[in-house]
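Structure first, then comments.
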Amino acid sequence: MFTQEKYLKALNFAAQAHGEQKTPKGVPYITHLVSVAMEIIHACEQSELKLEQTDFAITVSLLHDTLEDTDVTYDDIYKEFGPEVAEAVDALTKDETLESKKEQMASSINKLMSQPYEIQMVKLADRISNMQKPPESWDSLKKLSYQKEAKFILSCLKNCNIHLSKRLEDKINEYTTYIN
Ligand SMILES: [Mn+2]
């Protein structure tokens, strides 16, 4: 189970932070965050994770893109949610001082591998959410490289949660139907 008030606190904070931002498909960004949180809740229930771990993973899932994509700072998160959540969101944020997307991904995964399982779970849930049908504008090459990247993420983080790993594996296989 999880604590409704903690979910709502993180949801409201994230909704405020992302404001008018949209996903690549043009729907409000909060749909992405809620879909990641939904994957986390499902996996935590199936794995019978403790209340504290579940609340933590849900909060981090709702906030996971705030540092990367909004004006929210590490200190803002620290003040509202404490040091563990701030550290977790930071660990899920790309280092944009690195030049290529590939380097950013490698460094991000490297950083995540030494983090607690609940934080790694958010990365898997994020990618599960992002393996839905890609935008029409993506060509085959882009879709293929996105699928390849997902395989890399899965191979590095698969031990954090068996249900999320299985779900991402299924999503990766299903993704092939979107590539022509
Ligand atoms: Mn995300």
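The values are calculated or read from the model by the stated rules, or taken from the named source; none is laboratory data. These figures come from a predicted structure and were not determined experimentally. Cβ atoms come from the backbone with ideal geometry, glycine included; neighbour counts cover every protein chain shown. Each accessible area value is taken on the protein alone, full model and side chains, heavy atoms only, with ligands, DNA and RNA left out. Shrake-Rupley method; radii C 1.70, N 1.55, O 1.52, S 1.80 Å.
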Original post:
If we count every other residue with Cβ under 12 angstrom of Ile153's Cβ, Lys/Arg +1 and Asp/Glu -1, where does the sum land?
Top reply: +3
**OP:** Express in Å², to the nearest 10, the accessible area of Ser137 obtained by rolling a 1.4 Å probe over the protein heavy atoms while all chains stay in place.
**Re:** 100 Å²
Original post:
Of Thr73, Thr97, Thr23, which has the largest mean-square fluctuation in a 10 Å C-alpha GNM of the chain?
Top reply: Thr97
**OP:** On the protein heavy atoms, probe 1.4 angstrom, tell me the percent of accessible surface of the chain carried by carbon and sulfur.
**Re:** 52 percent
Original post:
If the cut-off is a Cα-Cα distance under 22 Å, which lysines reach Lys6, setting aside same-chain residues fewer than 8 apart in sequence?
Top reply: Lys50, Lys79, Lys123
Original post:
What share of all Cα pairs of the chain, in percent, falls into each consecutive 10 Å distance bin?
Top reply: 10, 38, 40, 12, 1
**OP:** Would you mind telling me which residue in Glu20, Glu39, Glu68 has the biggest mean-square fluctuation in a Gaussian network model of the chain, where springs connect alpha carbons within a distance under 10 angstrom?
**Re:** Glu20
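Taking only protein heavy atoms into account and a 1.4 Å probe, give the accessible area per residue of the chain in Å².
On the way: 10000 Å² over 180 residues.
For the chain, the per-residue accessible area is 56 Å².
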Original post:
If ligands, DNA and RNA are left out, what is the accessible area of Tyr7 with a 1.4 Å probe, given in Å² to the nearest 10?
Top reply: 40 Å²
Original post:
Using alpha-carbon positions, what is the distance between the centroids of the stretch 116-180 and the stretch 18-62, in Å?
Top reply: 16 Å
Subject >> Residue with peak Gaussian network fluctuation, the chain [Cα springs, cutoff 10 Å], from Asp65, Asp95, Asp139 >> reply: Asp139
Subject >> Computed E for Lys79/Lys148 - FRET, C-beta separation, R0 41 angstrom, nearest 0.05 >> reply: 0.60
Original post:
Thr31: net charge of surrounding residues, Cβ under 11 Å, Lys/Arg +1, Asp/Glu -1, itself excluded?
Top reply: +2
